[in-house]
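The values are calculated or read from the model by the stated rules, or taken from the named source; none is laboratory data. Being a predicted model, the structure only gives us computed values, none of them experimental. Note that we place each Cβ from the backbone using ideal geometry, even for glycine, and neighbour counts take in every protein chain shown. Surface accessibility is based on the protein's heavy atoms, side chains included, excluding ligands, DNA and RNA. Shrake-Rupley method; radii C 1.70, N 1.55, O 1.52, S 1.80 Å.
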Amino acid sequence: MEYKIALIRGDGIGPEVVGEAVKVLNAVGEKFGHTFTYEEVLLGGCATDAVGKSYPDGTAEKCKACDAVLLGAVGGPKWGSDKPAEQRPETALLAIRKDLGLYANLRPAALRTAMAGACPLKKETAEKGIDLMMVRELTGGIYFGKRDKYQTEDRGMEATDLMAYSEKEIERIGRRAFELARLRRKKVSSVDKANVLETSRLWRSVMHRLAAEYPDVQYEDVLVDNCAMQLVRDPGQFDVVVTENMFGDILSDEASMVTGSIGLLPSASIGDSAPGLYEPIHGSAPDIAGQDKANPIATILSVAMMMRYSFHLPAEADAIERAVDAVLADGWRTADIAEPGVTPIGTRQMGDRICQKLLG
Ligand code: NAD
């Protein structure tokens, strides 16, 4: 089969980690007889430098003409909050997600066996295993609600951010969660704050209606404060965790920390029709950019997610994940995950070793 992939290399370490992911894509093509072609798409600080705005005209159209989008990372001190919105890389990220209709963010947090020592939790907790999938609603809620800032007569400045959700928005993300659970261990934990928030009560009622449609999937409601606690007390209890935008933003970072390095964690953002967007959860790491020090594994595992969720190629996804695990089991580490006494390898060498395992 032939697949066209939009490559957004971005800023900082983005181009380095995407470069290794492309090597892996080509190795998958060779091994399984697929052809991957690439469309370079400029977005982020590098686009601001080149054309004056971080989200150049026609970006969404270019991506929509592809089967999937692979993004490295964008941002850096050069394009900080003092710059106008159209020049800031974060503006471009929000815009592309919105224009591609990517309403579901999937973030697996899995403790890779060879990396169990990197888990900051108690040994007995880590030994139970951690393998959960955070499903975060990405285009609604307080991050997209009406906001205001105004002067009051007696209380100084006041600001508001509106959190709004519609049944339709909740239902489509909920369905994603239940469908994913069917491919995994068949459990959905829906996280809300229904004891306080009206949006959460609506969220919960829609989830209950869906739960009745998926009787083969075990369902539970979890309050967000309790979920934050359970993620460090016993993360092994979770399979698919679904939640709204802001709760998901915070909880997915917490979940990723319990598995060790952010350099290992991929993510996918998907919608109903447009191509999915695959990216590592980490940022552009300006402190190590251009030094061959970045860990490319999160981006390479994002390619595995692309195989699984956009191209429906589970064998190819498994092969990438197995190759990563084999390289880690052999003891190879980039600097961010190297145990004391281990001499780290560079970005390119890590990519090459994963390709060798894949083709071996
Ligand atoms: P960061 O994730 O870039 O870096 C945090 C720390 O982790 C740094 O010490 C960095 O060196 C290290 N790190 C990150 N990825 C690594 C990797 N693959 N290998 C080895 N070490 C790695 O977060 P930050 O420093 O808060 O942000 C830097 C820039 O990235 C900011 O401009 C921010 O806005 C942007 N950012 C972009 C995205 C994205 O593109 N989706 C996400 C988060 C942050």
Against the condition β-branched (V, I, T) and either under 21 Å from Y103 (Cα atoms) or in contact with a Lys or Arg (Cβ under 9 Å, 6 or more places away or on another chain) (or both), how does I142 come out, does it pass? yes
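Right, R176: open to solvent by 60 Å² or more (accessible area, probe 1.4 Å) and in contact with a strand residue (DSSP E or B) (Cβ under 6 Å, 6 or more places away or on another chain) or not?
Working: open to solvent by 60 Å² or more (accessible area, probe 1.4 Å): yes; in contact with a strand residue (DSSP E or B) (Cβ under 6 Å, 6 or more places away or on another chain): yes.
Judged against the criteria, R176 is a match.
Condition first: of a type in the set (K, R), crowded, with 16+ Cβ neighbours inside 10 Å and in contact (Cβ under 8 Å) with a residue 24 or more places away in the chain. Now tell me which residues in the stretch 315-360 satisfy that. Write out each step before concluding.
Looking only at the stretch 315-360, we keep the residues that are of a type in the set (K, R), and these are 322, 333, 348, 353, 357.
Retained after the next criterion (residues that are crowded, with 16+ Cβ neighbours inside 10 Å): 333, 353, 357.
Result: R353, K357.
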State whether the residues of the stretch 149-169 include one that is within 27 Å of H282 (Cα to Cα), open to solvent by 70 Å² or more (accessible area, probe 1.4 Å) and touching a residue at least 60 places away in the same chain (Cβ under 8 Å). no
Restricting the first residue to the stretch 1-19 and requiring it to be within 14 Å of P89 (Cβ to Cβ) and at pLDDT 95 or above, which pairs with a second residue that is among the small types (G, A, S) and part of a helix (DSSP H, G or I) meet a Cβ separation below 7 Å and a spacing of at least six or different chains? D11/G45
So if I check each of D216, D287, D225, D292, which one is touching a Gly at 6+ places or on another chain (Cβ under 7 Å) and open to solvent by 20 Å² or more (accessible area, probe 1.4 Å)? D292
Does V28 meet the test of being touching a helix residue (DSSP H, G or I) at 6+ places or on another chain (Cβ under 7 Å) and within 29 Å of A177 (Cβ to Cβ)? yes
